[in-house]
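Take a look at the structure set out below.
Just so it is clear, none of the values below were taken in a lab; they were calculated from the coordinates. Because the structure is a prediction, the values reported are computed rather than measured. Heads up, the Cβs are rebuilt from the backbone with ideal geometry, glycines too, and the neighbour counts pull from every protein chain shown.
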Amino acid sequence: MPGVHRTRVGAASPKQEVPAPDERVRHHERKRTLIQLATAALTNGYVIGFAEGKVFGGATKAACVPWLNCYSCPGALGSCPVGALQTVLGGRGRSFSFYVLGLLVLFGVVLGRLVCGFCCPFGFVQDLLHRIPVPKLRVPHRLDRALRWLKYVVAVVLVVALPLVAKGDMGQAPPFFCAYLCPAGTLEGALPLMVASPQLRALVGFVFSWKMVVLVCVVVASMLVRRPFCRYLCPLGAFYGLFHRVSLYQMRLDATACVGCHRCEKVCPMGLDPERELNGPECIRCGACKATCSTTAISSGWELRAREALASAPAQ
Amino acid sequence: MSKDVPKTSTNDAATGAAPGGFGLLAVRVALIAGALAAIAYGIADGEALAVFNKGVRVCLECIGLG
């Protein structure tokens, strides 16, 4: 049967026919792409904003979406949690944000980095860019591991520390991450607004040029390396990674079923070795490893209490 | 296995997997409850309004014009 091979699937179904790993990966990636597309469309559904060059002003803007989504995107129906955190921390008379941090902890516990794998529009853009057929780059392991710490520096310095300490005469600080680094803001907010608004185009200066350079660098890097912004720069991914032990959605590896073929390592978009780093802070729960696993040793699912319950469940 | 690092197992804390049982449940429930309480306090303190006020205007800093 084309595209299908026989393999052992756990003890309960020794001769069950399952699609070949490559076919499973393609099917999984199609499903994930649809979810990413739907999420981006649903949370950026204010179409009039793109046409008129203005942002949505409804009540939902008081709430943050769980992923990086610039609230100056003309279509954005909610606010970006990273931008919102900087706004509150950098606001007059405030030094802590119960509201935004509460939302981030809630998202971190319930979803964790599943957000990165399935929902984040900028992660989706990076996934699409990596499909462009150009030669791919393999970042040397030591350099890759060292660069991953950058996102924690970005989170602490640009998102938290500077908005708290660099307040001006008016007692307010700019959102440093948004202002000087965030390529999602340039792509989702600046470019659509510039296209629609001649007044904004007239204001373009050095900072915009700098942000365009950052965006171009991230775009080129995304074609060469999978998810470079998520790996090295995203402060939201860094924060959600802190919840990798407790988030409700967990990946699992049945070590007794793993044959050590390393297929999972080859398909991991974050460049991880799932045999050792499944569920770690860098794992975005995209499920590529699960889809490619020839013995279905990798499974995933939601859990509240007992991990054993998931272990005994069949792979999804 | 060519690597000397052990594979992730379902209960392997060294690789990031949390232990099962009541302790994990308690941590999750405590975090969710704390988060909900913080959200409620933040809303009452006007933080949601600050986020709204920022979100409904074009953020010039975010688009590189500020």
Within straight-line cross-link reach of A:K31, aspartates and glutamates at Cα separation under 17 Å, skipping those fewer than 8 residues along the same chain: A:D22, A:E23, A:D127
Rounded if a/c under 1.5, otherwise prolate or oblate - region B:23-66, Cα gyration tensor axes: oblate
Average beta carbon contacts from partner chains per residue of A:87-95, 10 Å cutoff: 3
Charge-dipole axis of region A:213-292 as Lys and Arg at +1 and Asp and Glu at -1 on Cβ define it, positive-most pick from A:C217, A:H244, A:P274: A:C217
Average beta carbon contacts from partner chains per residue of B:27-38, 10 Å cutoff: 5
Footprinting exposure proxy for B:I63, B:I43 (fewest neighbouring C-beta atoms within 10 Å first): B:I43, B:I63
Average beta-carbon neighbours from other chains, 10 Å sphere, peptide A:173-179: 4
Cβ-based exposure ranking for A:S95, A:S299, in which fewest neighbours within 10 Å come first: A:S95, A:S299
Helix-only [θ]222 nm of the protein assembly as shown, DSSP H runs n ≥ 4, -39500 (n - 2.57) each, per residue, nearest 500: -13000 deg cm²/dmol
Alpha-carbon centroid distance for the pair region A:167-199 / region A:218-262, whole angstrom: 28 Å
Ranked A:D254, A:D22, criterion: other C-beta atoms within 10 Å, fewest first: A:D22, A:D254
Tilt relative to chain A, helix A:121-130 - C-alpha long axis, 0 to 90 degrees, to 10: 60 degrees
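Starting from the alpha-carbon convex hull of the protein assembly as shown, give the projected area averaged over all orientations, in nm².
On the way: hull surface 81.0 nm².
If you wrap the Cα atoms of the protein assembly as shown in a convex hull and average its projections, you get 20.2 nm².
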Shape category assigned to region A:228-292 from the gyration tensor of Cα positions, a/c cut at 1.5: oblate
Estimated distance in nm for a label pair at A:L147 and A:M170, the labels positioned 7 Å out from Cα along Cα-to-Cβ: 3.7 nm
0 to 90° range, to nearest 10: angle between helix A:206-224 axis and chain A longest Cα axis: 10 degrees
Amide N of region A:113-155 lying under 18 Å from the label point, which is placed 7 angstrom from the Cα of B:V27 along Cα→Cβ: A:113-114
A:V157/A:F206 FRET efficiency (R0 35 Å; Cβ-Cβ; nearest 0.05): 0.95
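Go through A:K54/B:K54; A:K136/A:K290; A:K211/A:K266 and tell me which ones have a Cα-Cα distance over 21 Å in this structure.
Check vs 21 Å cut-off fails for A:K136/A:K290; A:K211/A:K266.
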Cα long-axis angle, helix A:98-110 against chain A (0 to 90 degrees, to the nearest 10): 10 degrees
